[in-house]
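Student: Input: one structure, supplied below.
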Amino acid sequence: MRLTVFWQRMAEHFGRGYADTFARDHVMSELGGRTVNQALDAGWAAKDVWRVVCAVMDVPGERR
């Protein structure tokens, strides 16, 4: 998954403004105690981060 697709999906699910806040501030143990931004910066693949976000935040199947 390209980062542009990842950010598009984040914006579609959370709304553009909250997607940025969520990615910056929400720490998830499933990402090794990192935020979305930290996980991406640490080299996690966007598709893996998206899968974690979907699981943790109960993203509906049609948005996954």
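Student: Just to confirm the number: angle between the C-alpha axis of helix 3-14 and the first principal axis of the chain, 0 to 90 degrees, nearest 10?
Tutor: Helix 3-14 and the main axis of the chain meet at about 70 degrees.
Student: Taking the Cβ of MET57 as the center, what net charge do the other residues with Cβ under 14 Å away carry, scoring Lys and Arg +1 and Asp and Glu -1? Mind showing how you got there, number by number?
Tutor: Values: positive: ARG9, ARG51, ARG63, ARG64; negative: GLU12, ASP25, GLU30, ASP58.
My count for the surroundings of MET57 gives 0.
Student: About its Cα centre, what dipole magnitude does the chain give when the only charges are +1 on Lys and Arg Cβ and -1 on Asp and Glu Cβ, stated in debye to the nearest 20?
Tutor: Numbers: 9 positive and 8 negative charges, 37 e Å.
Rounded to the nearest 20 debye, it is 180 debye.
Student: Right, something else. I'd like the chymotrypsin sites (Phe, Trp or Tyr not before Pro) in the stretch 9-64 restricted to DSSP loop residues with at most 15 other Cβ atoms within 10 Å, sorted by number.
Tutor: On the way: sites: PHE14, TYR18, PHE22, TRP44, TRP50; in loops: TRP44.
Passing sites in the stretch 9-64 do not exist.
Student: Something else about it: Let me know the Rg and Dmax you get for the chain when you use only its Cα atoms, in Å.
Tutor: Cα radius of gyration and Dmax of the chain are 10.5, 28 Å respectively.
Student: Helix 16-25 versus the longest principal axis of the chain: what is the Cα-based angle in degrees, 0 to 90, to the nearest 10?
Tutor: Long axis of 16-25 versus the principal axis of the chain: about 20 degrees.
Student: Nearest 10 degrees is fine. How inclined is helix 46-56 to the longest principal axis of the chain, computing both from alpha carbons?
Tutor: Around 80 degrees separate the two axes.
Student: Still on this structure, I have one more. Would you list THR4, THR21 from the most to the least accessible area, probe 1.4 Å?
Tutor: THR4, THR21
Student: Can I ask one more? Give me the percent of accessible area attributable to carbon and sulfur for the chain, probe 1.4 angstrom.
Tutor: 46
The values are calculated or read from the model by the stated rules, or taken from the named source; none is laboratory data. Everything numeric here is computed off the predicted structure, so don't read it as measured data. Backbone-built Cβ (ideal geometry, glycine too); neighbour counts: all protein chains shown. Note: areas computed on protein heavy atoms with side chains; ligands, DNA, RNA excluded. Shrake-Rupley method; radii C 1.70, N 1.55, O 1.52, S 1.80 Å.
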